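Quick notes on the structure that follows.
The values are calculated or read from the model by the stated rules, or taken from the named source; none is laboratory data. All figures in this text were calculated on a predicted structure; none of them were measured in a lab. Note that we place each Cβ from the backbone using ideal geometry, even for glycine, and neighbour counts take in every protein chain shown.
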């Protein structure tokens with residue numbers, strides 16, 4: 001699976017059914033090149049999208065062990 005296949009996919013937390021956000025980046029080990037985490041950007045309100053220089057850009061790091069299913073239209077994760 002390539003990064004372009006999972007980039008901008010929705011991430012759903014199956015613990016509470018909430019939409020976490022969209023995948024924007026991957027974290028990997030520089031020695032072995034194994035992926036160890038996904039970086040997800042939460043969905044932002046319209047004002048934050050129009051004025052990004054006033055608001056901090058936050059990302060959530062989700063470890064690979066927390067991913068339940070990565071196939072299909074969404075990525076299902078379980079974390080608290």
Query raised in the report: Could you count how many residues in the stretch 9-24 are out of contact with any helix residue (DSSP H, G or I) (no Cβ under 6 Å at 6 or more places or on another chain), assigned to a strand (DSSP E or B) and within 20 Å of residue 71 (Cβ to Cβ)?
Result: 9
Requested in this report: Would you confirm whether any residue within the stretch 42-49 is under 19 Å from residue 67 (Cβ atoms) and under 17 Å from the mean Cα position of the chain (by Cα)?
Outcome: yes
Query raised in the report: Residues in the stretch 69-78 that are farther than 11 Å from residue 14 by Cα and either modelled with pLDDT of 95 or more or not in a loop (DSSP other than H, G, I, E, B) (or both): how many?
Result: 1
Query raised in the report: Out of the stretch 4-41, which residues are over 12 Å from the mean Cα position of the chain (by Cα), over 13 Å from residue 63 (Cβ atoms) and touching a residue at least 12 places away in the same chain (Cβ under 8 Å)?
Result: 14, 15
Query - Residue selected from the stretch 49-68 under the condition surrounded by fewer than 12 Cβ atoms within 10 Å (Cβ to Cβ) and part of a helix (DSSP H, G or I), by the criterion modelled with the highest pLDDT - result: 65
